[in-house]
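Each reported figure results from applying straightforward, stated rules to the coordinates on display, with no laboratory input. Bear in mind that the values here come from a model prediction, so they are computed numbers and not experimental data. Here the Cβ positions follow ideal geometry from the backbone for every residue, glycine too, while neighbour counts run over all protein chains shown.
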Amino acid sequence: MLMGFVARAGNVTDEAERCFAAARRLAPADVRVWNIYANSLAASGKFDEALAAFRSLLKHDPKSLDGYINFALTANDAGDFGLAIEIADSGLQTFPGNARLLGIKALALKNYSEIPAALPVFEAAIRAEPNRALTRKNHGAALMAAGEFEAARAEFQQAIRLGLNDIPTHCCLAAAELECGDIDGAIARYQQILSAAPDHDEASQGLTRILVEYERPENPFGHWASYAKSRPYEADGWLRWLFAALGHSRFAEVDEIAAEAQAYLANNSAVSAIQYFARAMHGNAEGQMGPLKDLVDSGAATFREFLVQVAIKAGDGQLAEQQASILTNETPFNQAAWAYLATAWRMLDDEREFWLCDYERLIQPIEVEADGFDSSVGFAYAVAETLASLHQTQYEPGDQSLRNGTQTSGSLFDRRDPMIACLKQALTIAINKWVSQFPDASDHPFLRRKGTGIRFSGSWSVKLRPGGFHIPHFHGQGWISSAYYAQLPSIMDGATENWEGCIGFGEPPAIFGLNHPPRRIIIPKTGTLALFPSYMWHGTIPFSGTDMRLTAAFDMVPFNA
């Protein structure tokens, strides 16, 4: 064991494991040795072996508190949140009220997206051990997900006071300050973090988001620029700056940054790929397609998605189809790849577009009813009142699809609000019923993912002001996507000739210059939702008048995804 500790301290991982395994063979009944051996396996990422070792440990000593704690922690780190909850519960039967086990269970529930269930367990853990800083921080993160921003800020502050005075906790606090309306405080905190760690991605992205979203006079990419120029011969800083600008569609700026970078980096292939893409998006795509294809063919396959988009904009449907097909084979759950493949097929008048998108069957408006309400419209009015209260900001995010509107932060369906919980339940019932009528089709990228159930992978609310809209987009983190219509502008009453406020499907973004009109347009009705595959291009048509358009949007994935 001593040799194992020395090896582990020297980062000689294999030798440490060998020593701990030898100690376990020499003392097979000593649970301390089992615990150390299992932890060493977990530290090396050998989670299956570590979990098996922890099972053996608890068989030898079912009253080992460290065994339960480390077993549950390892299961959580391995992403098996259900097992982590199970082991924590088993430990709590032997050690009722144990603060560590309660904290681990709460963290696993949070990671399992069971925020309403996690919060009271966090509260119990804090009552059992009020001065445990990590539990306070994790509680704060759960409160952020639930939209309880003031309480989250207080917990992050308490974690720092209790000694967790590290950069990740200060990043959490900055995000909470922003949501609480302390814009200057959040900016100052991110700047303080970046003064100590100028390459910290979360702080860099957070600061850019604020400066863009709140239209502050400071250069939103200035901190990325400072870091890159402080070490001009290192590609990492330039690439971080380039990707940050790309995320906000600053294509002309990206072109200029890449040109400056190449003066130091001698034609770095990644910088070149980004520059070709940016030039294509804000200029002549045909001239960039050849050089970008040469790069991808020579081994820069990570930029294949760039090539697909450039081919689409250049009007080369065959190349777009070829490259998008490669992407769908390599990453079959990649929603972007399927969206681009549908576009390429449309460019080629290929009937497979309709096989993939099936605009009539796979896009479905559904009426949503809830117990206790006399109609779907009455339920929607109650939901709208709750949703409206959640929109506190005045600006849209700079890297999202909406224009002239606002979007809520956190996970909408994780909020501890009875009306939100009622909406979540009503939607789940309606969507499961819709999914159940799908046929089994192992050859279809959407239908083949049908499982025994579905779960929400993201949820938020959008409020559009008059003139507001969504540019056509897809949802990269979903399988099924949707919008529930809680409040619609009066201009949409009945069908309108210009489709104001309606949702259109199958129309690619204007930046591609294809002039493809929507394949299908749905006129939303209050109290209904529109369901569709996440890879489907969809956008909202601007509307006039004086009324707001209020929706709850979300993504879902199968349980087995």
Relative contact order [Cα under 8 Å, 6+ residues apart], the range 229-357, whole percent: 15 percent
Would you mind working out the magnitude of the charge dipole of the chain relative to its Cα centre, with +1 at each Lys and Arg C-beta and -1 at each Asp and Glu C-beta, to the nearest 20 Debye? 1320 debye
For ARG520, other-chain or 5+-apart residues with amide H closer than 5 Å (H placed, Pro excluded) are PHE505
Please give the calculated 222 nm ellipticity per residue for the chain, where each DSSP H segment of at least 4 residues contributes -39500 (n - 2.57) and the sum is spread over every residue; nearest 500 deg cm²/dmol? -17500 deg cm²/dmol
Around GLN158 (Cβ within 11 Å, Cβ-to-Cβ, excluding GLN158; K/R +1, D/E -1) the net charge comes to +4
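For a quick protection proxy, order the peptides 12-20, 111-119 by their average other-Cβ count within 10 Å, most packed first.
Per-residue Cβ counts within 10 Å, averaged per peptide and sorted highest first, yield 111-119, 12-20.
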Taking Cα pairs closer than 8 Å and at least 6 residues apart, the relative contact order of the chain in percent is 10 percent
Residues listed by number, the range 293-324, amide nitrogen under 12 Å from GLU330 label point at 7 Å toward C-beta: 296-308, 323-324
Could you rank the peptides 522-528, 511-517 by their average count of other C-beta atoms within 10 Å per residue, with the highest value first? 522-528, 511-517
Rounded, prolate or oblate: which fits the range 364-558, taking a ≥ b ≥ c as square roots of the Cα gyration tensor eigenvalues, rounded meaning a/c under 1.5, else prolate when a/b beats b/c? rounded
At a threshold of 8 angstrom on Cα-Cα distance, excluding pairs fewer than six apart, so keeping six or more, what relative contact order does the range 1-71 reach in percent? 23 percent
Cβ-based net charge around GLY206, under 11 Å, with every Lys or Arg adding one and every Asp or Glu removing one: -2
Mean Kyte hydropathy of -1.0 or more with a Cα span along the axis of at least 24 Å, helices from DSSP in the chain: 418-436
When a/c is below 1.5 the answer is rounded, else prolate if a/b is larger than b/c, else oblate, so apply that to the range 39-131 with a ≥ b ≥ c taken from the square roots of the Cα gyration tensor eigenvalues. oblate
Rounded to whole angstrom, the alpha-carbon centroid of the range 118-135 lies from that of the range 95-110 at a distance of 8 Å
